[in-house]
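Report on the structure given below.
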Amino acid sequence: MLAAALVTVLAACSTAAGSPVPAPVQAPTAKQAAGSPACTATSRLIPSCGAWWGLAPEVFTGVPIEQALHGAEMRMGAAADVVHVYHRGRELFPTPAEVRLARDPDRPRLLMVNWKPSFQHTWAQIAAGKLDRRIDRLAAHIRRTFPERFFLTLHHEPENDVDVSSGSGMQATDYAAMFRHIVLRLRAQGVRNAVVVMTYMGAPNWAAKPWFEDLYPGDDVVDWVAMDPYADDRVQDFDGLVNKTRKEYPDWPGFYRWMQARFPGKPVMVAEWGVFERSYDRDFKRTFFESVLRQIKKYPQIKALIYFDSPQAPRGDTSFDSDGGADRAFTRLARDPYFRSTPVPRP
């Protein structure tokens, strides 16, 4: 079934009926050398060379975001292009601290804002307008405080929240309707600087669900597509991370391959990725980070790579410097010219 669906997707090229096929995301040319003036970012924040390097720093530690990011940047010996922050419910964003990070005169950063609008309302209720006052309040805040472009994702990783029961309000089609409603209402309220990201979990078991394709809210409201894969015991290197497969789902090609086929004209973001400790293999983090350095250029559609740095993530320690070898390998990766070729746009 998945193989047949993939053929259909290749034919559709992720466009709505009658829409033109978008141009594929191109790999950098030979003339676009690291640091070249030719390396720029588009209005959708797509770097023309290499990929953005980002962090969700010191997550679940309780450390304020400025302190967390500055601490993580010192630990890795490099600056981040993108800082991934999380908001929920009535919270307004960007916060003053996030604005300061974005507008740092010495090192501006792009914001990747991850917003779950509500835990008390279903997707269907949000799509029907139950949170419109909240959305309008947020839009007014963004217009007033932050005209710069930023990444925005809505209720990331929706797959494990889907409830297929009739009337649940949490079916995949309800998610797509919720996502569309929020984006279109923000735009109607004057928020035109949000570069919208659709974020999937990146796990084969969810991709095999019959409703999986129904989650997608549409090309007109999605600028980037993203995945959140983690290096568990099934994953040995970066190739295996971005193209996870399982023998139980023999037709699933892997997320990057699926995204290439399904969204040939859209940039791909690895919005969260992390490497867990392995008690039986203390060198695993180091060797994994080395694999990213070797393999990243095989994936030119990946235009942003954002690490989830946490000593106490739900399934283990993903801090990048839990041992000296991992720390040194991560620093080499963070400093590689592939991630330093396009300057972050200044406010």
- Query: Any residue at all in the range 111-118 that is more than 30 Å from residue 329 (Cβ to Cβ), of a type in the set (Gly, Ala, Ser) and touching a residue at least 24 places away in the same chain (Cβ under 8 Å)?
  - Reply: yes
- Task: Answer yes or no: is there a residue in the range 134-143 that is among the acidic types (Asp, Glu) and at negative phi.
- Result: yes
- Please enumerate the residues belonging to the range 208-234 that are touching a helix residue (DSSP H, G or I) at 6+ places or on another chain (Cβ under 7 Å) and among the hydrophobic types (A, V, I, L, M, F, W, C). 208, 211, 212, 215, 221, 225, 227, 231
- Query: Does residue 273 qualify as being touching a Pro at 6+ places or on another chain (Cβ under 9 Å), modelled with pLDDT of 95 or more and aromatic (Phe, Trp, Tyr)?
  - Reply: yes
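Matching residues to (1) within 24 Å of residue 83 (Cβ to Cβ); (2) without any contact (Cβ under 8 Å) to a residue 24 or more places away in the chain; (3) surrounded by fewer than 23 Cβ atoms within 10 Å (Cβ to Cβ); (4) touching a His at 6+ places or on another chain (Cβ under 6 Å):
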{"residue": "226", "(1), (2), (3), (4)": "yes, no, no, no"}
{"residue": "244", "(1), (2), (3), (4)": "no, no, no, no"}
{"residue": "250", "(1), (2), (3), (4)": "no, yes, yes, no"}
{"residue": "269", "(1), (2), (3), (4)": "yes, no, no, no"}
{"residue": "290", "(1), (2), (3), (4)": "no, no, yes, no"}
- Message: I'd like to verify a number: residues in the range 160-219 that are surrounded by 19 or more Cβ atoms within 10 Å (Cβ to Cβ), within 18 Å of the chain's Cα centre (by Cα), assigned to a loop (DSSP other than H, G, I, E, B) and modelled with pLDDT of 95 or more, how many?
- Response: 3
- Note on the structure: Within the range 80-99, restricting to residues that are over 15 Å from the mean Cα position of the chain (by Cα) and within 23 Å of residue 51 (Cα to Cα), the one that is surrounded by the fewest Cβ atoms within 10 Å (Cβ to Cβ) is 99
- strands (runs of 3 or more DSSP E) fully within the range 42-127 counting 2 or more residues that are among the small types (Gly, Ala, Ser) and under 27 Å from residue 340 (Cβ atoms): 52-56
- Task: Just give me the residues in the range 295-329 being among the polar types (S, T, N, Q), modelled with pLDDT under 95 and touching a helix residue (DSSP H, G or I) at 6+ places or on another chain (Cβ under 8 Å), in sequence order.
- Result: 322
- Query: Is the range 135-147 home to any residue that is in a helix (DSSP H, G or I), touching a Lys or Arg at 6+ places or on another chain (Cβ under 6 Å), without any contact (Cβ under 8 Å) to a residue 60 or more places away in the chain and surrounded by 14 or more Cβ atoms within 10 Å (Cβ to Cβ)?
  - Reply: yes
- Message: Just to verify a result, which residue in the range 220-235, among those that are part of a loop (DSSP other than H, G, I, E, B) and among the aliphatic types (A, V, I, L, M), is modelled with the lowest pLDDT?
- Response: 235
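The values are calculated or read from the model by the stated rules, or taken from the named source; none is laboratory data. If you're wondering where the values come from, they're calculated on a predicted model, not measured in any experiment. All Cβ positions, glycine included, derive from the backbone under ideal geometry; neighbour counts span all protein chains shown.
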